[in-house]
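These notes are about the structure you will find just below.
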There are 2 protein chains.
Amino acid sequence: MKINVMTDVLEANDRIADGNRQVFDSNKNLVLNLMSSPGAGKTALLERTASALKGKLRLGVIVGDLETTRDADRLEKQGIPVVQLTTGSACHLDANMIAVALSRLDLSAIDVLVIENVGNLVCPAEFRLGEDVKVMILSVTEGDEKPLKYPVIFRESSLLIINKIDLLKHTDFHMDEAKANARKTHPDLEILDVSCVTGEGVSEWVDWLCRRYREKFGASIRA
Amino acid sequence: MKINVMTDVLEANDRIADGNRQVFDSNKNLVLNLMSSPGAGKTALLERTASALKGKLRLGVIVGDLETTRDADRLEKQGIPVVQLTTGSACHLDANMIAVALSRLDLSAIDVLVIENVGNLVCPAEFRLGEDVKVMILSVTEGDEKPLKYPVIFRESSLLIINKIDLLKHTDFHMDEAKANARKTHPDLEILDVSCVTGEGVSEWVDWLCRRYREKFGASIRA
């Protein structure tokens, strides 16, 4: 016999996620759920984003980790509002954790809120947090076949950031193959090539954020 | 209210894992549960191991993936027995999946059975499969702070393989820092530095396997 605990859990999660979404919308927040494997560069991308977005949109971050507040410490140095969620053994963030975090942030002072999920290519993809859009990072050191092996997260994401392209020449990662594999899984997937070390692709990423913000809220960019 | 579904799940899993372990012991199998992030090099290490172990110990592999049989295809080219488990959306292997796989393998023809877990630094660490020993891989491209951020898997593993050391010079990964962080989490952790590209460290890894086999079964290496 199989008891589908998972279905109940996801339904309860979705109700809370809908509530979070209402709060975000009323505060005019564009909200991203940022997912990747451990060490693919989520925090490095957000460090780059914090400075690149200055004068355009106000960034805020909720960051999830099993333990340590290292990512939050790195991001606070950028002078942006950050809330760290320490999940213990939980392998993903869920909507309820986000609901708790919201009370610690002044959402009216944020335009783009990025939720940096736990480093994991599997579990985070199934739990809606109330975000507008899911974005994932794949590092070139992980291999170009990953979209075929972890299809759910590639299917759920609207944008794929292929990071660490500065390391391309030292790997057997084929960019064409990776993109073909990703689009086999998700034909409409948008893809950006980025290096958080050299800064290549960061301005395209910032343009993407500004475009998504304008699409959601019209021309009324406050920052 | 919190219902601790997880405790019941883990207890049921442990009972099945104990059964698997009895089957392994009676077949004189040394069994490893091999864990890492996606793309850290589990399959590459096993390709290297298959040839390096020839004439010493007979290798067999059970490999878990969400989708695709790519890893099994790669390993079958090495002429070793391989069973692929496709988990769908499950983020880790559990003891029951292994019990199912066992009927597909001639365990009496295997000395070292490696179970290549789903690429994930979180969930696999909590589910015993019936293995003798847990081994994990950390790739230098993932960052030297990972032992602090994902402590459970470092605590559960007996051996840490730090892979992709050929890429060290292109990263800001500090080997000393990584090892200090790992041993902060797990003081007795054994650590090997490996490159599956250059082959550096592979013979130390094979020595480690032979030693563990001898420790379990005395001098009676059959191969």
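Every read-out reported here was derived from the displayed coordinates using simple, explicitly stated rules and does not represent laboratory data. Not measured: the values here are computed from a predicted model. Cβ: placed from backbone, ideal geometry, glycine included. Neighbour counts: every protein chain shown.
Would you mind counting up the charge near B:Ala40? Only other residues with Cβ under 9 Å from its Cβ, with Lys and Arg at +1 and Asp and Glu at -1. Mind dumping the intermediate values first?
Numbers: positive: B:Lys42, B:Lys164; negative: A:Glu142, B:Glu142.
My count for the surroundings of B:Ala40 gives 0.
Percent antiparallel among DSSP beta bridges with both residues in chain A, to the nearest 5?
Details: 0 of 29 bridges.
Around 0 percent antiparallel, to the nearest 5.
3J(HN,Hα) along the range A:50-62, derived from phi through the Karplus expression 6.51 cos²θ - 1.76 cosθ + 1.60 where θ = phi - 60°, amounts to 4, 7, 5, 8, 4, x, 10, 9, 8, 8, x, 9, 10 Hz, with x in place of Gly and Pro.
Only helices enter the 222 nm calculation for the protein assembly as shown: every DSSP H run of n ≥ 4 contributes -39,500 (n - 2.57), and dividing by all residues gives -11500 deg cm²/dmol, rounded to 500.
Could you let me know the centre-to-centre spacing of the range B:5-62 and the range B:166-223, using Cα atoms, in angstrom? Each part reduced to its Cα centre gives a spacing of 16 Å.
Here the label points at A:Val9 and A:Ile191, each 7 Å from Cα along the C-beta direction, are separated by 3.2 nm in the simple model. Summary for B:Val9: label point 7 Å along Cα→Cβ; distances to the equivalent points in the other copies, ascending, 0.4 nm.
Each copy carries B:Gly218; placing its label point 7 Å along the C-beta direction from Cα gives inter-copy distances of 8.4 nm, listed from smallest up. Across identical copies of the chain, B:Glu200 has label-point separations of 2.4 nm, listed in ascending order, with the point defined 7 angstrom from Cα along Cα→Cβ. For A:Trp208 and B:Asp73, a Förster radius of 30 Å and the Cβ-Cβ distance give a FRET efficiency of 0.25, rounded to the nearest 0.05.
Given a Förster distance of 22 angstrom, what is the FRET efficiency for B:Phe217 paired with B:Ser158, based on the Cβ-Cβ distance and rounded to 0.05? List each step's numbers first, then the result.
On the way: r = 17 Å, r/R0 = 0.78.
After rounding, the FRET efficiency stands at 0.80.
Counting other C-beta atoms within 10 Å, and keeping those with at most 16, which DSSP coil GluC sites (Glu not before Pro) do you find in the range B:1-83?
Values: sites: B:Glu11, B:Glu47, B:Glu67, B:Glu76; in loops: B:Glu67.
Passing sites in the range B:1-83 are B:Glu67.
For the residue pairs A:Lys134/B:Lys169; A:Lys184/B:Lys134; A:Lys146/B:Lys216; A:Lys56/B:Lys146; A:Lys146/B:Lys134; A:Lys149/B:Lys216, the C-alpha atoms sit more than 26 angstrom apart in A:Lys134/B:Lys169; A:Lys184/B:Lys134; A:Lys146/B:Lys216; A:Lys56/B:Lys146; A:Lys149/B:Lys216. Looking at the square roots a ≥ b ≥ c of the eigenvalues of the Cα gyration tensor of the range B:115-217, which shape do they give, rounded for a/c under 1.5, prolate if a/b is larger than b/c, or oblate? Oblate. Phi angles across the range B:24-40 convert, under the Karplus curve 6.51 cos²θ - 1.76 cosθ + 1.60 with θ = phi - 60°, into 3J(HN,Hα) values of 4, 4, 5, 9, 6, 9, 8, 10, 10, 9, 9, 10, 5, 5, x, x, 7 Hz, Gly and Pro given as x. Shown here for the range B:93-139: trypsin sites (Lys or Arg not before Pro) in loop regions (DSSP other than H, G, I, E, B) with at most 14 other Cβ atoms within 10 Å, namely B:Arg104.
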